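A.B. asks: Here you go, one structure.
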Amino acid sequence: QVQLVESGGGLVQPGGSLRLSCAANGRTLSLYMVGWFRQAPGKEREFVAAIVSNIGTTYYGDSMKGRFTISRDNAKNTVYLQMNSLEPEDTAVYYCAANQAGWPTLKNPRAVAYWGQGTQVTVSS
């Protein structure tokens, strides 16, 4: 079993930055891609970013390109999401997510094998 533990959410003013962390515990060698989704009230869960654990290839949702950066520290089994130039529209619960080898690309909630508990990000003045 794999557990994903998020941290780093909070309240930030428009234009500010936050750094989210996702620490993976358990059978982490089974993971292939790790990433983030977000969900705002009344909206569908949206793909944010993902990274291929072994080679570092990254993917981003359209509205996140140029502002968000995903990275990982494999020695710490941790994935980070650096969020810059935050806007009120970025307000959502952010969920860490992971899949396994042979699973579809981690861009759709159906491709997620493991979910974190979520961390609230609020962008407001």
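The values are calculated or read from the model by the stated rules, or taken from the named source; none is laboratory data. These figures come from a predicted structure and were not determined experimentally. Neighbour counts run over all protein chains shown; Cβ positions are idealised from the backbone, glycine included. These accessible areas exclude ligands, DNA and RNA; they are computed on the full protein's heavy atoms, side chains included. Shrake-Rupley method; radii C 1.70, N 1.55, O 1.52, S 1.80 Å.
A.B. asks: Take the Cβ-Cβ distance between Gln100 and Ser125 as r, set R0 to 41 Å, and report the resulting FRET efficiency rounded to the nearest 0.05. Mind dumping the intermediate values first?
C.D. replies: Values: r = 41 Å, r/R0 = 1.00.
For R0 = 41 Å, the calculated efficiency reads 0.50.
A.B. asks: With both partners inside the chain, how many of the DSSP beta bridges are antiparallel, as a percent to the nearest 5? Walk me through the intermediate numbers first.
C.D. replies: Details: 39 of 42 bridges.
Antiparallel: roughly 95 percent of the beta bridges in the chain.
A.B. asks: Kirkwood hydrodynamic radius, the chain, all distinct C-alpha pairs: what's the number in Å? Display every interim value, and only then the final one.
C.D. replies: On the way: mean 1/r = 0.0702 Å⁻¹.
Kirkwood hydrodynamic radius for the chain: 14.3 Å.
A.B. asks: For Ser85 and Gln13 in the same chain, what is the full-extension length gain: residue separation times 0.36 nm, less their Cα-Cα distance, in nm? Display every interim value, and only then the final one.
C.D. replies: Details: separation 72, 0.36 × 72 = 25.92 nm, distance 0.95 nm.
Once the chain is fully extended between Ser85 and Gln13, it gains 25.0 nm.
A.B. asks: What does the accessible area of Ser7 come to, in Å² to the nearest 10, when a probe of 1.4 Å is used?
C.D. replies: 60 Å²
A.B. asks: What size of dipole, in debye to the nearest 20, comes out for the chain about its Cα centre when the only charges are +1 on Lys and Arg C-beta atoms and -1 on Asp and Glu C-beta atoms? Mind dumping the intermediate values first?
C.D. replies: Details: 11 positive and 8 negative charges, 60 e Å.
Approximately 280 debye in magnitude.
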